[in-house]
Number of protein chains: 2
Amino acid sequence: MKVKVVVNGYGTIGKRVADAITKQDDMELIGVTKTRPSYQAKMAVDKGYPLYVSGKGVKDDFIKAGIKVDGRLEDILESADIVVDTTPEKIGKENKDIYLKYSDLKAIWQGGEKASIADASFNALVNYEAAFGKKFVRVVSCNTTALCRTLYAIHKNFDISHITAVIVRRASDPAETEKGPINSLEPSLKVPSHHGPDVQSVMGNIDIETMAIKAPTTLMHLHSVIVTCKKKGVTVSDIISAFESTERIRLFNGWEHIFGTAQIMEFAKDNAFYRGDMMENGVWSDGINIIGSKIYYYQAVHQESIVIPENIDAIRSMFELEKDKYKSMRITDESLGILKNIK
Amino acid sequence: MKVKVVVNGYGTIGKRVADAITKQDDMELIGVTKTRPSYQAKMAVDKGYPLYVSGKGVKDDFIKAGIKVDGRLEDILESADIVVDTTPEKIGKENKDIYLKYSDLKAIWQGGEKASIADASFNALVNYEAAFGKKFVRVVSCNTTALCRTLYAIHKNFDISHITAVIVRRASDPAETEKGPINSLEPSLKVPSHHGPDVQSVMGNIDIETMAIKAPTTLMHLHSVIVTCKKKGVTVSDIISAFESTERIRLFNGWEHIFGTAQIMEFAKDNAFYRGDMMENGVWSDGINIIGSKIYYYQAVHQESIVIPENIDAIRSMFELEKDKYKSMRITDESLGILKNIK
């Protein structure tokens, strides 16, 4: 029996989650939603995804645009085992009241919502087990997901005592042309930025401080990370080994001539990753430095796609389809064409 | 008797230094140089600055363009007391051999050159005295200058034990259209970035670690700074007081609605600062946070102008025109219209 999934909000994350669901043997996509007709709504129908109208959307608007709809969100939730909420920040919270009307319906929210919306905040590598059998789970944001992956790789091997991370955020996604800035740098004045507490919502009481700056770019986020470990004598090659043997981390070597986020996106396109997505953390091998007891590294984060495999693993954990996180990640990664060879 | 100054390289920094020299009672601008005719070369002549041809420049090219030149660099160095070298990175080093031919000629280089080029690396606030009577001085780079100012304010009052700074660098100056990136974030893979050792070249053996990321913006740099002090119980208002009472730091309050570097540049234009320059550090009051023993703040740095007052003070120190750094800075700041009320 396959888990029946509705993706509520067929946007940047939603369309990717929907595609990913269709590639899983243990899941079935029974519907996606849109509030307004658009080329994306049309694309969903063209792909054969049953389309439902959500929120304040009007069915007639879709019909006028020549887009076939199968009903409203509420019409399909009855048949669903789980809804993956990929609506914009804060809307997900409002939707919770709708989901609660269906007593057996589980739900996943994204990192734009507060941790308190769900029973657990989730990262496949760090706390896959925390979602076992849970009804409501939050997959943490792109930046938090990326931090969790590399920090877990270090923590597991070398026992982290302190983390400093400065997050340079991309101002908007490539198609979000209504957002800025286009030529300014904007600090997040509140310290820690939400990323620190968010990492703690997954990794527990780890000592992390974060600051964040918004930059006028659309492609990826970029993190500067400084880590102190309890284990002494850690070398650069120890860190490289730890990253190499950890899921969803792609190391870039000097000879690859990957100078920044633009080259990583070009790499993803050259490798024919669908939509040019990069679901792994991009880490520069030559950017891993050790001075005294501190480890320094930079990582790039593709905000549009990095959480997609995490959503899939979250479903697998919530329905206890697979008890072993490594097996779930392997199934997910193989289905999504994530290239890394997991040892 | 006024100090006779030649500005070698009438570009982004050079044209500003030249203008600043003309505003000092104790200095005289006796010449500026260009290698090629351009609107800037024409502007120098229109301002009444004697123009000389430098480097591989050809005098006839200027004459053909209708720009009056008074000779070559070497023709004016004989009469100069000091040359301020504002040529592009690395060219300054080559020029040293020229300057050495004039036995009494002093020289200032900018932060693009290595510390070893000069007898001292200079920041007016931190080590004005280090340039007393010196022949060769290097004014540190824009980012290092900005770090020195706020770090000195904190260090003087609260005794710094450790600094972490992540520098988000503007990719190019507004008119440097040949440079990129325009949509990418690029890490400086070598840690520490040059800024840490550069701060030490001025502040001595202070414990500082720096990382740097290049962002696609032209206006200003932006720093995330984390400082630990030996003095306990420091409050946000202590830091605000320290910054308020320190030269060349402009605090921006929440009600001013300065969200990022774009608003700071707008503020500078609204205040009719010539060229829209902002020679002070821009620090967000609401971005000053204290958690445990750590101080967090953000500062914006106008790369084109922040070092201008430092060049003026360096000249005053090298010729011992003024023994007191605070008096020199006050003279400079009043002449340049730096608005801050120094207490």
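Being more than 30 Å from A:Asp104 (Cβ to Cβ), touching a Lys or Arg at 6+ places or on another chain (Cβ under 9 Å) and either within 13 Å of chain B (Cβ to nearest Cβ) or assigned to a loop (DSSP other than H, G, I, E, B) (or both) is a property that does not hold for A:Arg149.
Given the criteria outside any strand (DSSP E or B), farther than 21 Å from B:Ser184 by Cβ and either without any contact (Cβ under 8 Å) to a residue 60 or more places away in the chain or not aromatic (Phe, Trp, Tyr) (or both), does A:Ile154 qualify? It is true that A:Ile154 is outside any strand (DSSP E or B), farther than 21 Å from B:Ser184 by Cβ and either without any contact (Cβ under 8 Å) to a residue 60 or more places away in the chain or not aromatic (Phe, Trp, Tyr) (or both). Selection of the stretch A:247-266 for residues being closer than 26 Å to A:Arg330 by Cβ and free of Cβ contacts under 8 Å to residues at least 12 places away in the same chain yields only A:Glu256. When A:Val202, A:Val225 are checked against the criterion of being over 17 Å from the mean Cα position of the chain (by Cα) and modelled with pLDDT of 95 or more, A:Val225 stands alone in meeting it. Note on the stretch B:81-96: residues that are touching a residue at least 40 places away in the same chain (Cβ under 8 Å) and among the acidic types (Asp, Glu) amount to 2.
Restricting B:Glu304, B:Glu244 to residues that are farther than 26 Å from B:Gln110 by Cα and acidic (Asp, Glu) narrows the list to B:Glu244.
Would you tally the residues in the stretch B:293-329 being over 21 Å from B:Lys15 (Cβ atoms), away from chain A (no Cβ under 12 Å) and among the small types (Gly, Ala, Ser)?
Of the residues in the stretch B:293-329, the ones over 21 Å from B:Lys15 (Cβ atoms) are B:293-300, B:317-329.
Then keep just the ones that are away from chain A (no Cβ under 12 Å); that gives B:317-329.
Now drop any that are not among the small types (Gly, Ala, Ser), which leaves B:317, B:328.
The total comes to 2.
Name the helices (runs of 4 or more DSSP H) wholly within the stretch A:179-292 that hold at least 2 residues that are within 14 Å of chain B (Cβ to nearest Cβ) and buried (at least 19 other Cβ atoms within 10 Å of the Cβ)? Correct list: A:195-203, A:261-270. Taking residues in the stretch A:102-125 that are acidic (Asp, Glu), and partners anywhere that are assigned to a helix (DSSP H, G or I), the pairs with Cβ atoms closer than 7 Å and at least 6 places apart or on different chains are A:Glu113/A:Gly92; A:Glu113/A:Lys93.
For the stretch B:295-343, what are the residues that are more than 16 Å from the chain's Cα centre (by Cα), among the aliphatic types (A, V, I, L, M) and at pLDDT 95 or above? Matches in the stretch B:295-343: B:Ile295, B:Met318, B:Leu321, B:Ile331.
Against the condition among the aliphatic types (A, V, I, L, M), in contact with a Gly (Cβ under 6 Å, 6 or more places away or on another chain) and within 22 Å of A:Asn143 (Cβ to Cβ), how does A:Ile264 come out, does it pass? Step through it out loud before you land on a result.
Values: among the aliphatic types (A, V, I, L, M): yes; in contact with a Gly (Cβ under 6 Å, 6 or more places away or on another chain): yes; within 22 Å of A:Asn143 (Cβ to Cβ): yes.
For A:Ile264, the condition - among the aliphatic types (A, V, I, L, M), in contact with a Gly (Cβ under 6 Å, 6 or more places away or on another chain) and within 22 Å of A:Asn143 (Cβ to Cβ) - is met.
The values are calculated or read from the model by the stated rules, or taken from the named source; none is laboratory data. Not measured: the values here are computed from a predicted model. Note: ideal-geometry Cβ built from the backbone for every residue, glycine included; neighbour counts use all protein chains shown.
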